[in-house]
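Right, one structure below, let's go through it.
The values are calculated or read from the model by the stated rules, or taken from the named source; none is laboratory data. From a predicted model like this one, the values you see are computed outputs, not experimental measurements. A quick note on method: Cβ atoms are made from the backbone with ideal geometry, for glycine too, and the neighbour counts reach across all protein chains shown. Just so you know, the surface numbers come from the protein's heavy atoms only, side chains and all, with ligands and any DNA or RNA stripped out. Shrake-Rupley method; radii C 1.70, N 1.55, O 1.52, S 1.80 Å.
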Amino acid sequence: MLSGLNLAQVALLLAGGVLLDLLLGEARRWHPLVGFGNLAMRIERALNRGNVRFVRGVLAWTLAVLPLAALGALLCHGAGLAAHAFLLYFCLGFRSLRDHNLPIAQALESGDLARARLLTARIVSRDTMEASEADLAKASAESLLENGNDAVFGTLFWFVVAGGAGALLFRLANTLDAMWGYKSTRYLAFGWAAARIDDVLNYVPARLTALSYVLLADHRRAAWECWRAQAPGWPSPNAGPVMASGAGALGLALGGSATYDGVAEQRPPLGRGRAAQAGDIARAWKLVRATATLWLGVAAAAALFMGALHA
């Protein structure tokens, strides 16, 4: 492993980072990723202008990510195991997925559509002010499934590969993709590097997440078939497998129509079955939780196996 940690340390630190996240949740003030987002906005405003915007985008990504990732590596080298665990905690979005999405389900179940619209607007970029209950349930379920990789498993994967610095690098790159990786006039050239780097870093984690959704599915065959048939049609090469398999796993018809900036877009279908309902938000969360639990168990089992071999 690039981090120099052995399997037993990795398994212990994975569990420790997840436990910290579940106990403490997001930092209410001075959240590192919020601070990074503010830094990225300043860099983008300074560099996203004039000619050669592709080159400027590469430079912006380098300035935003690499110094912080190097600082994380130095911190882990100097402060030891505790630094790895705390970096993992700061990079994970496990509890925040629950805390941001389950209240949407509760608002829908209590008939408070206005509150559900407001809460959903905080986690997705689509328009929600005229959204129906089914639209809101679909948006929340899709967000949970996609971020089960981006905010949880992808972070755990890169932690295993390269420790706290690896988790940090992945989350910073993923954040820049969410900020700059749009095919708009403003970001098409400037954000190309951010989008492609995230595609590379996410390639393996996304497919392991999709495989996990299949293995843990209520509808295993449907999850597999939706992944294979629908993922190629989704705009993102990594979100496609994750969301298609997750939708199939839950027996839901996701994707389709969504409104962005007042314009209705018809996206490719995801999954198959009925439309999403309020109760499906909790089902999507449980699938994400089960995926994290599965891989924590795999890490622990691998550590025990290697320990027994060397005993």
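Structure summary
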item: Check on SER132, in contact (Cβ under 8 Å) with a residue 24 or more places away in the chain, under 19 Å from LEU254 (Cβ atoms) and of a type outside the set (Phe, Trp, Tyr); result: no
item: Some residue of the range 176-194 being surrounded by 22 or more Cβ atoms within 10 Å (Cβ to Cβ), at pLDDT 95 or above, within 14 Å of the chain's Cα centre (by Cα) and part of a helix (DSSP H, G or I); result: yes
item: Verdict on ALA223 being modelled with pLDDT of 95 or more, part of a helix (DSSP H, G or I) and in contact with a His (Cβ under 9 Å, 6 or more places away or on another chain); result: no
item: ASP99 being open to solvent by 30 Å² or more (accessible area, probe 1.4 Å), closer than 25 Å to ASN238 by Cβ and touching a strand residue (DSSP E or B) at 6+ places or on another chain (Cβ under 7 Å); result: no
item: ASP127 vs. criteria open to solvent by 10 Å² or more (accessible area, probe 1.4 Å) and either aliphatic (A, V, I, L, M) or in a helix (DSSP H, G or I) (or both); result: no
item: Cross-chain or 6+ apart pairs with Cβ under 9 Å, the range 37-60 first and surrounded by fewer than 19 Cβ atoms within 10 Å (Cβ to Cβ), then of a type in the set (Lys, Arg) and outside any helix (DSSP H, G or I); result: ASN48/ARG186
item: Leading residue by the ranking (farthest from ALA247 (Cα to Cα)) among those in the range 195-223 that are in contact with a Pro (Cβ under 7 Å, 6 or more places away or on another chain), open to solvent by less than 50 Å² (accessible area, probe 1.4 Å) and not acidic (Asp, Glu); result: ALA206
item: Count - residues of the range 61-71 that are open to solvent by 70 Å² or more (accessible area, probe 1.4 Å) and among the hydrophobic types (A, V, I, L, M, F, W, C); result: 3
item: Filter result (crowded, with 24+ Cβ neighbours inside 10 Å and within 14 Å of the chain's Cα centre (by Cα)) within the range 160-170; result: ALA167, LEU168, PHE170
item: Condition broken by LEU270, with the remaining ones in (1) within 28 Å of GLU109 (Cα to Cα); (2) in a helix (DSSP H, G or I); (3) among the hydrophobic types (A, V, I, L, M, F, W, C) satisfied; result: (2)
item: Unique residue being farther than 27 Å from ALA195 by Cβ, open to solvent by 50 Å² or more (accessible area, probe 1.4 Å) and of a type outside the set (Lys, Arg) when the list is LEU20, LEU75; result: LEU75
item: Single residue of the range 243-267 satisfying the filter (among the charged types (D, E, K, R) and open to solvent by 40 Å² or more (accessible area, probe 1.4 Å)) that is farthest from ASN149 (Cα to Cα); result: ASP261
item: Residue match in the range 247-266 (condition: of a type in the set (Val, Ile, Thr) and part of a helix (DSSP H, G or I)); result: no
item: GLU142 being acidic (Asp, Glu) and either open to solvent by 50 Å² or more (accessible area, probe 1.4 Å) or farther than 23 Å from LEU252 by Cα (or both); result: no
